[in-house]
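**Student:** My questions all concern the structure below.
The values are calculated or read from the model by the stated rules, or taken from the named source; none is laboratory data. Being a predicted model, the structure only gives us computed values, none of them experimental. So basically every Cβ, Gly included, is an ideal-geometry build from the backbone, and we count neighbours across all protein chains shown. Side chains are part of the model used for accessible areas, which takes the heavy atoms of the whole protein and leaves out ligands, DNA and RNA. Shrake-Rupley method; radii C 1.70, N 1.55, O 1.52, S 1.80 Å.
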Amino acid sequence: MSRVLASATVDVIKPNTPKTIGSFRVEVWGQNPYDYVRHYEIMAQSDTVAAQEGIRRFVDEMEALDLNKE
């Protein structure tokens, strides 16, 4: 299995406050051979954490696709 390389952008749906976590729309895209695009709605403490979670989900999905091909 080759390494999954991905990038992400984050749009704020609802900003986080000291009392509540925010809601973010994360778009993740991968590099070949994982050149797919996925969108996730993620609740997190910050946009950075949301981006990290989106990339983690993307990598999990791509690794699952690889397992199904074998």
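**Student:** Before we move on, is residue 51 of a type in the set (Gly, Ala, Ser) and either at pLDDT 95 or above or open to solvent by 80 Å² or more (accessible area, probe 1.4 Å) (or both)? Break it down stepwise before answering.
**Tutor:** Values: of a type in the set (Gly, Ala, Ser): yes; either at pLDDT 95 or above or open to solvent by 80 Å² or more (accessible area, probe 1.4 Å) (or both): yes.
For residue 51, the condition - of a type in the set (Gly, Ala, Ser) and either at pLDDT 95 or above or open to solvent by 80 Å² or more (accessible area, probe 1.4 Å) (or both) - is met.
**Student:** Follow-up. Please find, within segment 1-41, the residue that is most open to solvent (accessible area, probe 1.4 Å) out of those that are in a strand (DSSP E or B) and among the hydroxyl-bearing types (Ser, Thr, Tyr). Reasoning before the result, please.
**Tutor:** As a first pass, look at segment 1-41 and keep what is in a strand (DSSP E or B): 6-14, 22-30, 37-41.
Filter again for among the hydroxyl-bearing types (Ser, Thr, Tyr), leaving 7, 9, 23, 40.
Working: 7: 45, 9: 62, 23: 17, 40: 25 Å².
Result: 9.
**Student:** Kindly indicate whether any position in segment 54-65 is more than 19 Å from residue 5 (Cβ to Cβ), surrounded by fewer than 19 Cβ atoms within 10 Å (Cβ to Cβ) and within 11 Å of the chain's Cα centre (by Cα).
**Tutor:** Let us first name the residues in segment 54-65 that are more than 19 Å from residue 5 (Cβ to Cβ), namely none.
No - not one qualifying residue is present in segment 54-65.
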